[in-house]
Protein chains: 2
Amino acid sequence: MTLSTNDDLRFMQVALEEARTGLEEGGIPIGSCLVVDGEVLGKGHNRRMQQGNPILHGEMDCLQNAGRQSAATYRRATIYTTLSPCDMCSGAILLYEIPRVVLAENHTFLGAEQLLTSRGVELVNLDLDEAVELMRRFIDANPDVWSEDIGEESE
Amino acid sequence: MTLSTNDDLRFMQVALEEARTGLEEGGIPIGSCLVVDGEVLGKGHNRRMQQGNPILHGEMDCLQNAGRQSAATYRRATIYTTLSPCDMCSGAILLYEIPRVVLAENHTFLGAEQLLTSRGVELVNLDLDEAVELMRRFIDANPDVWSEDIGEESE
């Protein structure tokens, strides 16, 4: 099944809605969803703050919520994420050989995109101002939380 | 703080104990612990089966259980794992810039060791028969579960 730009924009809205839910919960506004055969199989958002959990980036929470899936299922999936995937989330994408990643932006943070493409993963960047703005407002108010989330020292 | 081989063997026993706990719970016997300044900060084991959770490899469960830590803490940590870390777990190690990984074996599965060393992570393989044997018995009895855990199709 080939996804069109309209499909990508529609599924990214699911990921953005997750990001906004995270923000309402007091968390880092990054969301994700996993789509297989045109259906959302799972969705999630960063829950570092909500659960005190350093592994629950948006994509990881999404994969957790999607539950156990077969290799064949992952291999026809697209994962949507509101921010360029970090080393950890990219590693999960490589482990399960998810062939396609759609991101909303990489201005805020540039993840392991080069590693993903070098391993044959298709990357699409929708470059949505809405996603950049969501992160900008959060980081301005919570710079230390953001540094922690990407493994950096606080300023 | 420099860790000796004796320290490494001692902390690996903590990871192996986690692996055995996982086996008793009906799970995949892979365990891990995170050591900082000579203290075990967290430990965990693969809980795919126990929680129906595809992201809870041993190292991920360990990092989850260790909870939120500062960048400075991760940067003086050693993570112990009873099996060579996969792309996902290696990605988490890179995200948090954990500088040292001690593994019990890489006969059962060869993870992203090259990626880790290319990024400056020190890898020590203790090459313990005990860890190989634990996995061999599990995989012989549960080949499909093991394939799923490493993102492969079942035979």
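The values are calculated or read from the model by the stated rules, or taken from the named source; none is laboratory data. Note that the coordinates shown come from a computational prediction; the quantities given were computed from them, not determined experimentally. Cβ sites come from the backbone with ideal geometry, for glycine too, and all protein chains shown count toward neighbours.
A quick yes/no check of all residues on (1) touching a strand residue (DSSP E or B) at 6+ places or on another chain (Cβ under 9 Å); (2) of a type in the set (Lys, Arg):
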position: A:75; (1), (2): no, yes
position: A:88; (1), (2): no, no
position: A:100; (1), (2): yes, yes
position: A:114; (1), (2): no, no
Could you list all residues from the range B:49-65 that are surrounded by 23 or more Cβ atoms within 10 Å (Cβ to Cβ), part of a helix (DSSP H, G or I) and within 9 Å of chain A (Cβ to nearest Cβ)?
-> B:60, B:61, B:63
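Conditions (1) part of a helix (DSSP H, G or I); (2) modelled with pLDDT of 95 or more; (3) farther than 23 Å from residue A:39 by Cβ; (4) within 14 Å of another protein chain (Cβ to nearest Cβ), marked per residue:
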| position | (1), (2), (3), (4) |
| --- | --- |
| A:90 | yes, yes, yes, yes |
| A:101 | no, yes, no, yes |
| A:124 | no, yes, no, no |
| A:140 | yes, yes, yes, no |
What are the residues in the range A:111-122 that are surrounded by fewer than 16 Cβ atoms within 10 Å (Cβ to Cβ) and in a helix (DSSP H, G or I), if any?
-> A:114, A:117, A:118
Within the range B:28-53, the count of residues that are within 14 Å of the chain's Cα centre (by Cα) and free of Cβ contacts under 8 Å to residues at least 24 places away in the same chain comes to 0
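When the range A:69-83 is examined, which residues are found to be free of Cβ contacts under 8 Å to residues at least 40 places away in the same chain and either more than 13 Å from chain B (Cβ to nearest Cβ) or in a helix (DSSP H, G or I) (or both)?
A:71, A:72, A:73, A:74, listed by residue number.
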